[in-house]
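One structure is given here, and the rest of the page talks about it.
The values are calculated or read from the model by the stated rules, or taken from the named source; none is laboratory data. None of the values given here were measured: they were computed from a predicted structure. Reconstructed Cβ throughout: ideal geometry from the backbone, glycine too, with neighbour counts over all protein chains shown. The protein model used for the area step is the full one, side chains on, heavy atoms only, and it has no ligands, DNA or RNA in it. Shrake-Rupley method; radii C 1.70, N 1.55, O 1.52, S 1.80 Å.
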Amino acid sequence: MQIRTVDITKNFVGGSARPVLDGVSLEVGSGELVALLGPSGSGKTTLLRIIAGLEFPDSGSVYFGDEDASQKSVQERRVGFVFQNYALFKNLTVGENIAFGLDVRGRELRPPKAEIRRRTLELLDLVQLSGLEKRRPGQLSGGQRQRVALARALAVEPRVLLLDEPFGALDAKVRRDLRAWLRELHQQTGHTTTFVTHDQDEALELADRVAVLNGGRIEQIGSPDDIYDHPATPFVHGFIGEASALRADLRGGRIFIGGHELALPGKSGRNGSGRLFVRPHDIAIGEAAANGLEAEIVALRRSGATRRAEIAVPFEAGRVEIDAPTSANLRPGEKVPIRFLRGTFFLDGESAAA
Amino acid sequence: MTETIAQWAPETAESVWTRISRSRGRGAATGESPLLAGVLIAVSLIFLALFLILPLAVVFYEAFAKGALAYLAALAEPDAQSAIRLTLLVAAIAVPLNVVFGLAAAWAIAKFRFPAKSFLITLIDLPFSVSPVVAGLIYVLLFGAQGLLGPWLKAHGLEIIFAVPGIVLATIFVTFPFVARELIALMEDQGTSEEEVALSLGASGLATFFRVTLPNVKWALLYGVLLCNARAMGEFGAVSVVSGHIRGLTNTMPLQVEILYNEYNITAAFAVASLLALLALVTLAAKSLLEGRFKDGHSAKTRGH
């Protein structure tokens with residue numbers, strides 16, 4: 001089932017100046033796994049809740065397939081919603097939690113008891129919790145609770161699956177395991193799935209496509225590769241992956257730092273100053289640099305398999321963190337030639353220009 | 001020698017101090033000396049015995065002073081019987097109404113955002129800060145013969161003051177906050193996500209209330225009902241103002257106790273009083289039982305007063 005939101009706008013109840021969502025249009029294809037990624041306050045959870053029917057937009061519509069679901073209640077939308085804090089029913093057992101959605105149906109729609117039980121056990125098996133149906137939520141670990149919450153959402157055969165920060169409250173190890181498991185589960189069941197996260201690794205690793213939200217607007221939608229390699233806006237570049245920005249100028253389609261031309265392609269057209277975003281592996285040091293740009297090493301530290309160097313680029317361009325070869329014998333205070341391999345330039349007050 | 005002492009004195013003093021504090025503490029840093037602990041415990045025990053246990057014992061002693069037969073006879077007396085019946089009736093009306101009101105108010109306050117919320121919370125606490133006598137007077141001024149609505153009500157054959165409805169109203173007023181206060185903190189703490197899950201799973205609003213919300217607050221609700229009931233049966237001030245003390249008609253148990261006592265009918269007064277004391281004891285027992293259940297379920301930090 002395809003999900004489509006068209007021009008969703010939502011303001012705070014208090015009526016603050018900035019809307020929570022400002023004309024958000026999003027399309028999630030049938031069977032697709034899409035991440036809504038953004039910092040807190042970007043409106044990502046509100047968008048998810050509007051899709052679910054837990055909140056209603058001030059304007060705009062939500063479509064499930066061809067059906068306009070905008071006026072439908074949350075019950076009518078048949079979505080599976082999983083909360084960050086799991087929200088398991090404390091007074092019910094694990095089995096009763098999973099069966100809840102089938103159990104509360106009207107008499108004519110309710111499957112027979114044996115069928116409910118069969119489905120419950122099947123789902124327990126699917127989320128790898130067989131044998132725990134008699135437990136209370138309080139007796140489960142965080143990861144187990146999250147899987148129960150997911151099984152409970154799947155029990156009603158939802159048309160779409162909506163997950164709000166599904167792994168937000170778990171520790172790093174469990175989070176990685178669950179991530180791989182959810183990817184597998186998605187391949188198995190093929191539910192159209194949208195999940196909210198503020199963790200870019202989670203979004204890039206798990207999702208088919210990532211929508212980056214900021215200040216109630218979608219900054220960019222694309223595949224994880226797109227988002228990482230071709231950020232459309234300064235915000236996306238700064239938010240995704242490690243990146244630092246340097247002051248630079250664009251003149252006639254070429255990028256300069258203090259008169260030194262960098263061997264980087266830049267779009268021709270407008271001229272002006274702006275910011276050049278680079279990732280740690282976008283700058284090579286120690287090689288004979290064609291443009292003669294030298295930077296001073298400010299600090300060095302070990303980071304896993306590589307070494308990180310913080311260098312100060314001259315002409316008040318700024319400081320950047322780069323990957324330094326462990327072999328080179330570098331010392332803080334030393335001046336080294338640098339060469340730019342990649343970088344994305346954004347003119348001030350404008351989005352993508354390079 | 002003298003020099004040595006002078007040199008070592010500060011350190012010696014310090015080590016002595018360390019030894020003292022070690023010997024006291026042993027377990028926790030907050031531990032007091034056994035002597036101080038003993039004094040504190042003794043003071044509180046004497047206080048409790050003097051002001052709580054002794055009076056309670058006196059109630060039962062005086063009630064049975066002339067034997068069990070006199071005690072039973074005092075309770076079997078028609079006026080006493082009618083007072084007991086009236087008290088039970090008032091509680092049977094006031095408590096369920098306050099349960100409904102308390103649930104509705106707590107639900108509204110905990111699960112929704114609206115402008116006058118803090119004002120509503122203050123309003124719910126009002127009966128705690130208003131003297132019960134004043135509460136009773138308010139109803140007299142409103143519904144009494146010279147009151148605002150009294151003549152109109154009289155014309156339509158409705159008696160409120162010096163009748164059962166007035167007693168019920170006054171009781172509802174003073175027992176108003178008990179249920180609501182118990183629930184508000186707990187419900188706010190629990191948030192709305194369980195309800196939202198239930199709705200997203202297709203449950204109707206009513207089903208969500210009965211299968212998710214109510215089970216989550218049932219122990220707090222019971223606790224609130226218990227306190228509400230104890231107060232409803234024991235209320236004196238407000239009820240005294242509106243009741244008119246008509247024997248066999250508008251006398252509740254607390255009022256009956258006062259009348260009997262003023263007539264020097266000590267045994268009968270204490271017999272009726274013993275029933276109220278018994279109610280207090282049962283409430284206390286049930287309360288500590290519930291507190292145990294409370295802790296199993298979720299935090300018991302919601303105790304209001």
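Do any helices (runs of 4 or more DSSP H) lying entirely in the range A:169-269 carry at least 1 residues that are out of contact with any strand residue (DSSP E or B) (no Cβ under 6 Å at 6 or more places or on another chain), over 21 Å from A:P39 (Cβ atoms) and open to solvent by less than 20 Å² (accessible area, probe 1.4 Å), and which ones are they? Before you say what the answer is, go through the steps one by one.
On the way: elements: A:172-189, A:200-206, A:224-229, A:234-239.
Here the list reads A:172-189.
Against the condition at pLDDT 90 or above, within 13 Å of chain B (Cβ to nearest Cβ) and under 28 Å from A:R179 (Cα atoms), how does A:A52 come out, does it pass?
Numbers: at pLDDT 90 or above: yes; within 13 Å of chain B (Cβ to nearest Cβ): yes; under 28 Å from A:R179 (Cα atoms): yes.
It is true that A:A52 is at pLDDT 90 or above, within 13 Å of chain B (Cβ to nearest Cβ) and under 28 Å from A:R179 (Cα atoms).
Return yes or no: is A:G23 more than 13 Å from chain B (Cβ to nearest Cβ), open to solvent by less than 10 Å² (accessible area, probe 1.4 Å), under 21 Å from the mean Cα position of the chain (by Cα) and closer than 22 Å to A:F239 by Cβ? Talk me through it step by step, then tell me what you get.
Working: more than 13 Å from chain B (Cβ to nearest Cβ): yes; open to solvent by less than 10 Å² (accessible area, probe 1.4 Å): no; under 21 Å from the mean Cα position of the chain (by Cα): yes; closer than 22 Å to A:F239 by Cβ: yes.
Criteria not met by A:G23.
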One residue from A:L33, A:L126, A:L121 being more than 14 Å from chain B (Cβ to nearest Cβ), closer than 16 Å to A:L150 by Cβ and in contact with a His (Cβ under 7 Å, 6 or more places away or on another chain): A:L33
Condition met for B:A94 (open to solvent by less than 80 Å² (accessible area, probe 1.4 Å) and modelled with pLDDT of 90 or more): yes
Scope the range A:26-65; condition assigned to a strand (DSSP E or B), hydroxyl-bearing (S, T, Y) and in contact with a Ser or Thr (Cβ under 6 Å, 6 or more places away or on another chain); matching residues: A:S59, A:S61
Members of the range A:76-104 that are open to solvent by less than 10 Å² (accessible area, probe 1.4 Å), within 8 Å of chain B (Cβ to nearest Cβ) and outside any helix (DSSP H, G or I): A:V79, A:G80, A:F81, A:A87, A:F89
Near pairs, Cβ below 7 angstrom, 6+ apart or cross-chain, from the range B:104-128 (farther than 16 Å from B:T175 by Cα) to any residue that is surrounded by fewer than 11 Cβ atoms within 10 Å (Cβ to Cβ): B:R113/A:V13
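Can you pull out every residue in the range A:155-181 that is within 14 Å of chain B (Cβ to nearest Cβ) and either among the hydrophobic types (A, V, I, L, M, F, W, C) or more than 15 Å from B:V197 (Cβ to Cβ) (or both)?
Residues satisfying the conditions are A:A155, A:V156, A:E157, A:R159, A:V160, A:L161, A:L162, A:L163, A:G168, A:A169.
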Selected residue [more than 26 Å from the chain's Cα centre (by Cα) and open to solvent by less than 50 Å² (accessible area, probe 1.4 Å)] from B:T175, B:T171, B:T208, B:T213: B:T208
Residue that is nearest to the other protein chains (Cβ to nearest Cβ) [pool: residues in the range B:188-199 that are at pLDDT below 90 and assigned to a helix (DSSP H, G or I)]: B:S193
Condition met for B:T250 (within 14 Å of chain A (Cβ to nearest Cβ) and farther than 25 Å from B:V282 by Cα): no
Flag if A:G41 is modelled with pLDDT of 90 or more, surrounded by fewer than 21 Cβ atoms within 10 Å (Cβ to Cβ), more than 14 Å from chain B (Cβ to nearest Cβ) and at positive phi: no
Residue match in the range A:163-172 (condition: of a type outside the set (V, I, T) and closer than 25 Å to B:F209 by Cα): yes
Output for the range B:222-264, where each listed residue is in contact with a helix residue (DSSP H, G or I) (Cβ under 8 Å, 6 or more places away or on another chain) and of a type in the set (S, T, N, Q): B:N229, B:S240, B:S243, B:T250, B:N251, B:T252, B:Q256
Sole residue being within 14 Å of chain B (Cβ to nearest Cβ) and of a type in the set (D, E), chosen from A:E184, A:E108, A:E205, A:E115: A:E108
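Run down B:A198, B:A163, B:A135, B:A180 and say which single residue is closer than 24 Å to A:A52 by Cα and aliphatic (A, V, I, L, M). So that I can check it myself, show each step before the final result.
Values: B:A163 fails: closer than 24 Å to A:A52 by Cα; B:A135 fails: closer than 24 Å to A:A52 by Cα; B:A180 fails: closer than 24 Å to A:A52 by Cα.
The unique qualifying residue is B:A198.
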Search result, residues across the range A:66-75 that are part of a loop (DSSP other than H, G, I, E, B) and either within 7 Å of another protein chain (Cβ to nearest Cβ) or surrounded by fewer than 20 Cβ atoms within 10 Å (Cβ to Cβ) (or both): A:D66, A:S70, A:Q71, A:K72, A:S73
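Restricting to the range B:87-131, name every residue that is of a type in the set (V, I, T) and either within 30 Å of B:S193 (Cα to Cα) or more than 18 Å from the chain's Cα centre (by Cα) (or both). Spell out how you get there, then give the answer.
Our first condition is that a residue be of a type in the set (V, I, T); within the range B:87-131, this holds for B:87, B:90, B:93, B:95, B:99-100, B:109, B:121-122, B:124, B:130.
Result: B:V95, B:V99, B:V100, B:I109, B:I121, B:T122, B:I124.
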Top-ranked residue of the range B:198-236 - restricted to ones that are of a type in the set (S, T, N, Q) and either touching a residue at least 24 places away in the same chain (Cβ under 8 Å) or not assigned by TED's automatic domain parsing to the domain that holds B:A105 (or both), ranked as farthest from B:L290 (Cα to Cα): B:T213
Filtered residues of the range A:287-333 (kept if within 17 Å of A:F277 (Cα to Cα), modelled with pLDDT under 75 and surrounded by fewer than 16 Cβ atoms within 10 Å (Cβ to Cβ)): A:E316
Any hit, the range B:217-230, residues being within 14 Å of chain A (Cβ to nearest Cβ), in a helix (DSSP H, G or I), open to solvent by 20 Å² or more (accessible area, probe 1.4 Å) and not hydrophobic (A, V, I, L, M, F, W, C): yes
Top-ranked residue of the range A:135-154 - restricted to ones that are open to solvent by 10 Å² or more (accessible area, probe 1.4 Å) and charged (D, E, K, R), ranked as nearest to the other protein chains (Cβ to nearest Cβ): A:R136
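Does any residue of the range A:110-122 turn out to be outside any helix (DSSP H, G or I) and farther than 24 Å from A:T192 by Cβ? Outline the logic, then answer.
Within the range A:110-122, the subset outside any helix (DSSP H, G or I) is A:110-112.
Keeping just the survivors that are farther than 24 Å from A:T192 by Cβ gives A:110, A:112.
Yes - at least one qualifying residue is present in the range A:110-122.
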